[in-house]
């Protein structure tokens, strides 16, 4: 019998990159861009205003000191290396990269310390996100201390090399995504937070959403996140070039979390921090469920968090999350425009580069407001005419009016195709209304039927090659998907599918679509994922017992659990928190703050013991032997419950059965 709750650790290992991510650069080299792909990419040069070089100047404006080289972790292994992107120095986009994406990848490659305005600085280009440093009277205020402690510490060190060494007196988490809080221990000591020397501000609901979003679907989200980021794809002109909002996530760094001391709970709140006035604008349900914008009236500086970046964003991120509210997103941007549009002289976000000047700020906010409103309203317009998600995605090819030619409305991160389908899902769900799609065959069975109907594997392969020769790679991958799922060991099919996905990746303006296509191609060539992810201690400790019970219920294998009905009392005596668990019909449910009058078994433990087990520092039998866990009642019956638990690993197949 295996007594392990280690899957909790995997489930909250948010997006930490696996150790194999940097080891595949020389394996199975990608193919060249096909003539049709080269022609498609060349045509892009005629459709967008590439002569407009203003963003190149803006992305370099205020440079105090460039950052070049490596950032290493405690084991001496590189977490970040700017030289991985040296290939972006060539002016003209290669045939294997959409020229619009190449432009964005170059802009995001600017790395170093930048002055935004008087007393406001940013660290950019050494992590997925930006770290903003504000100089207060008696110390520094940091907005979003990056993804990992190593890059946050390196960024602060770079700042100190060029500015006065004031202590950090406050940290602000703009929202609940890990790349905006994970490096906090790289810039402050938790002891200083507990003593009151450092305050941490965050939007209401921050802790709940920072953890819970990644617990119940954590393994699946991690796996899909590796596709989205292109974490295992080599950095070169035939590989990963960007994510649209930054270069990528650091590999092998340390993710941390210190709980906020001050929550912003009102729609608008004003606070003075180290002599600097802040106005906080809560924007729940936009880019994150807990998010806020900030205005600094003394500096006429507006921070739009991640609500207005230099790209169309995701209404539904491909890694998986709750569908965001495009209508509310648009309205909150308009609220910012009304409140701050006539005041702000510089606008910055926690990705990409700032916008200077009132006219430019007002234009960008109005354009991004219109963009999200269009995505919401046009989708509803078409779904009310009976169009299905795929039909809507095909019908909405571009943004209206001048929006289509605005660089900051291009789909480098989110896309119209994905976002319209996300809005459809928000309002009507995944079902398209066609009864033939009520109960479709699963991929393997469907693939076998399609291959047989088309005349066998060789015939399907011939059809694939014909489509590829014609440059019709969308059709080729649909054919190839059926063939690979019908015959996963068919090497010719896998290679043809890999090449088709690769060409779609080369054509993609969206950085994350490119990453997903290229990751799929790589795995079809049998660069299968190894065991990745690791427990993030701060997040495990911050997860509540209630979250643990939710995860426990998810981990129950209902087939194994049927016929083993039981009741269990689970007590966390250190927290005076009690749960009454019921296993019935193969389903585990619980009631909080109560106990069964007569339970089959009782478990008594402390939250730190649960954390140690989740972090694999302690196993269940040892904890029982040491007296850290006390079991009462029918112990053998409780062992049966443990035996029904499944462990989730983020290594399941995606592009093959």
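The values are calculated or read from the model by the stated rules, or taken from the named source; none is laboratory data. Since we're looking at a predicted model, the values are computed, not measured. FYI the Cβ positions are ideal-geometry reconstructions off the backbone, even for glycines, and counts take in every protein chain you see.
All of 453, 521 fail the test of being at pLDDT 95 or above, surrounded by 14 or more Cβ atoms within 10 Å (Cβ to Cβ) and out of contact with any strand residue (DSSP E or B) (no Cβ under 6 Å at 6 or more places or on another chain), apart from 521. Within the option set 424, 408, 412, being closer than 30 Å to residue 60 by Cα, modelled with pLDDT of 95 or more and surrounded by 21 or more Cβ atoms within 10 Å (Cβ to Cβ) holds for one residue only, 412. If you check 252, 244 for being buried (at least 24 other Cβ atoms within 10 Å of the Cβ), in contact with a helix residue (DSSP H, G or I) (Cβ under 8 Å, 6 or more places away or on another chain) and under 21 Å from residue 130 (Cα atoms), only one passes: 244. Residue 64 meets all of the listed conditions (1) touching a residue at least 12 places away in the same chain (Cβ under 8 Å); (2) surrounded by fewer than 19 Cβ atoms within 10 Å (Cβ to Cβ); (3) in a loop (DSSP other than H, G, I, E, B) but one, namely (3). Taken as a whole, the range 261-273 holds no residue that is assigned to a loop (DSSP other than H, G, I, E, B), in contact (Cβ under 8 Å) with a residue 60 or more places away in the chain, out of contact with any strand residue (DSSP E or B) (no Cβ under 6 Å at 6 or more places or on another chain) and within 29 Å of residue 154 (Cβ to Cβ). Taking the conditions exactly as written (touching a helix residue (DSSP H, G or I) at 6+ places or on another chain (Cβ under 6 Å), touching a residue at least 24 places away in the same chain (Cβ under 8 Å) and surrounded by fewer than 24 Cβ atoms within 10 Å (Cβ to Cβ)), does residue 236 satisfy them or not? Answer is yes for this residue. None of 377, 314 is under 30 Å from residue 430 (Cα atoms) and over 24 Å from the mean Cα position of the chain (by Cα) except 377. Of all the numbered requirements in (1) under 30 Å from residue 629 (Cβ atoms); (2) surrounded by 21 or more Cβ atoms within 10 Å (Cβ to Cβ); (3) modelled with pLDDT of 95 or more, residue 536 misses one, and that requirement is (3). Residue 496 satisfies every condition listed in (1) free of Cβ contacts under 8 Å to residues at least 40 places away in the same chain; (2) within 29 Å of the chain's Cα centre (by Cα) except (2).
The criterion of at least 3 residues that are under 19 Å from residue 513 (Cβ atoms) is met by the following helices (runs of 4 or more DSSP H) wholly inside the range 391-496: 416-428, 473-486. Checked against the criterion of being surrounded by 14 or more Cβ atoms within 10 Å (Cβ to Cβ) and at pLDDT below 95, the candidates 614, 606 yield just one match: 614.
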